[in-house]
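Peer 1: One structure is given below, represented as structure tokens, and several questions about it will come after.
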Amino acid sequence: MKKLLLAAMAVFTVSFASAQTAEEIKAEMGPKKDSIAAIQKRVNALQAQLDALPGWKIGAFGTIGGSLSQFNNWFAQGIPNNSSGNIGFTVNAFANLKEEKFFWRNAANVNLSWVKLDDKDDPTDDDSFRQATDVFNISSLYGRKLSEKFAISGLAEYRTTILSNFNDPGYLDLGVGATWTPIPDLVVVMHPLNYNFVFSSEDTIFESSMGAKIVADYTKQLGAVSFKSNLSLFQSYESSDLSNWTWTNSFSYKLWKMIGVGFDFGLRNNKQETLNYIVNNAPTPNPDATFDTIDNELQTYWTLGLSYKF
């Protein structure tokens, strides 16, 4: 009985000592976490000062996503014998020059992906990778500063596809107006004098026009998170049917060194592209469709995968 009592006391003592040790460790961790947070604030403040310095700032980050699969005799699905896959990547790059009296901001966004579905029981199907997402956008903005937040500016922006139908259609915006930078990470372009050149072999649908151009770009890095959002809008003075807008977003979270998880999504509204698809490229084309008879559906895409920061 005495031995049993001594053993119980020993177990209680060890448990109590472990509990005390855990509490002591947690007590020591508190100030250290506060110290890490304080250090990170100082690092962020220094980074803000570095970003504010004149000169070139160059960078890029992107997302890579993909999967491959194969099924044999998987009768629960409609195509029991197949191999499939998808591969895609996104790259966001910039080269910005900031000086005391002017700035020059250059950016590029590329989002490409391919998919395949090979039905092993159908020798006539297409077993190759086919283009799925195809986005290419470059822009160059020059501004002459009137103050720290306002500038007289000129913008050139080009948008098209590059895997198929390069420059058919292609959009080139050239315009002048003002640029507002309320905070270092946000740039808002307001150009009431802008011409939207549209290049296409289908000249009965696509038409160039004069209008207003608005661009809002927000780029931010907070610790391990990189974020970029860009809205590009053209409002035609001739007809709303010739207006268009595109909104793209990219997120990247660093997991290890330069590798992380990335997510990209985009939205687009372009009635000319919708009509061209219905007239010429739909599974059942409708050559009699017009701007007044079509339903201008919202265009979307998204990509999720590994990311790499250059």
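The values are calculated or read from the model by the stated rules, or taken from the named source; none is laboratory data. In this text the structure is predicted, and so the values were computed from the model without any measurement. For neighbour counting, all protein chains shown are included, and Cβ atoms are generated from backbone atoms with ideal geometry for every residue, glycine included.
Peer 1: For the stretch 240-279, what are the residues that are aromatic (F, W, Y), within 11 Å of the chain's Cα centre (by Cα) and surrounded by fewer than 19 Cβ atoms within 10 Å (Cβ to Cβ)?
Peer 2: Here is the first cut: in the stretch 240-279, the residues aromatic (F, W, Y) are 245, 247, 251, 253, 256, 263, 265, 277.
This time we only want the ones that are within 11 Å of the chain's Cα centre (by Cα), so: 247, 251, 263, 265.
Those that are aromatic (F, W, Y), within 11 Å of the chain's Cα centre (by Cα) and surrounded by fewer than 19 Cβ atoms within 10 Å (Cβ to Cβ): W247, F263, F265.
Peer 1: Looking at the stretch 213-234 only, could you name the residues that are farther than 24 Å from A108 by Cβ and touching a Gly at 6+ places or on another chain (Cβ under 8 Å)?
Peer 2: To start, the set of residues in the stretch 213-234 that are farther than 24 Å from A108 by Cβ comprises 223.
Across the stretch 213-234, there are no qualifying residues.
Peer 1: Output the residue which, of all residues in the stretch 132-147 that are modelled with pLDDT under 95 and crowded, with 17+ Cβ neighbours inside 10 Å, is farthest from N96 (Cα to Cα).
Peer 2: Once the filter is applied, the top-ranked residue is T133.
Peer 1: Does any residue in the stretch 151-164 that is closer than 23 Å to I183 by Cα come within less than 6 Å, Cβ to Cβ, of a residue that is among the basic types (K, R) and in a strand (DSSP E or B) six or more places away or on a different chain, and which pairs are these?
Peer 2: Sorted first by the residue in the stretch 151-164, then by its partner, the pairs are A151/R144; A151/K145; I152/R144.
Peer 1: Select, from F129, F199, F150, the only residue that is over 19 Å from L242 (Cβ atoms) and modelled with pLDDT of 90 or more.
Peer 2: On the way: F129 fails: modelled with pLDDT of 90 or more; F199 fails: over 19 Å from L242 (Cβ atoms).
Matching residue, one of F129, F199, F150: F150.
Peer 1: Which count do you get for residues in the stretch 220-239 that are β-branched (V, I, T) and surrounded by 16 or more Cβ atoms within 10 Å (Cβ to Cβ)?
Peer 2: Step one: list which residues in the stretch 220-239 are β-branched (V, I, T), which gives 225.
Checking the rest, the ones that are also surrounded by 16 or more Cβ atoms within 10 Å (Cβ to Cβ) come to none.
Residues meeting the conditions: 0.
Peer 1: Of all the strands (runs of 3 or more DSSP E) wholly in the stretch 200-281, which have at least 3 residues that are in contact (Cβ under 8 Å) with a residue 60 or more places away in the chain, in the same structural domain as F61 (by TED's automatic domain parsing) and closer than 23 Å to D168 by Cβ? Give the steps one after another, and end with the answer.
Peer 2: Working: elements: 209-222, 225-236, 244-256, 259-270.
Result: 244-256.
Peer 1: Against the conditions (1) of a type in the set (D, E); (2) closer than 21 Å to S139 by Cβ; (3) exposed (fewer than 14 other Cβ atoms within 10 Å of the Cβ), where does D217 fall short? Just the number, please.
Peer 2: (3)
Peer 1: Working only within the stretch 179-189, note down all residues that are surrounded by fewer than 17 Cβ atoms within 10 Å (Cβ to Cβ) and either among the aliphatic types (A, V, I, L, M) or outside any strand (DSSP E or B) (or both). Write out each step before concluding.
Peer 2: Filtering the stretch 179-189 for residues surrounded by fewer than 17 Cβ atoms within 10 Å (Cβ to Cβ) gives 180, 182-186, 188.
Once the filter is applied, which keeps residues that are surrounded by fewer than 17 Cβ atoms within 10 Å (Cβ to Cβ) and either among the aliphatic types (A, V, I, L, M) or outside any strand (DSSP E or B) (or both), the stretch 179-189 yields I183, P184, D185, L186, V188.
Peer 1: Moving on to the next point. If I filter the stretch 148-163 down to residues being hydrophobic (A, V, I, L, M, F, W, C) and more than 24 Å from the chain's Cα centre (by Cα), which single residue comes out as surrounded by the most Cβ atoms within 10 Å (Cβ to Cβ)? Before the answer, list the steps.
Peer 2: From the stretch 148-163, those hydrophobic (A, V, I, L, M, F, W, C) are 150-152, 155-156, 162-163; that's our starting set.
This time we only want the ones that are more than 24 Å from the chain's Cα centre (by Cα), so: 150-152.
Working: F150: 14, A151: 22, I152: 14.
Per the criteria, the residue is A151.
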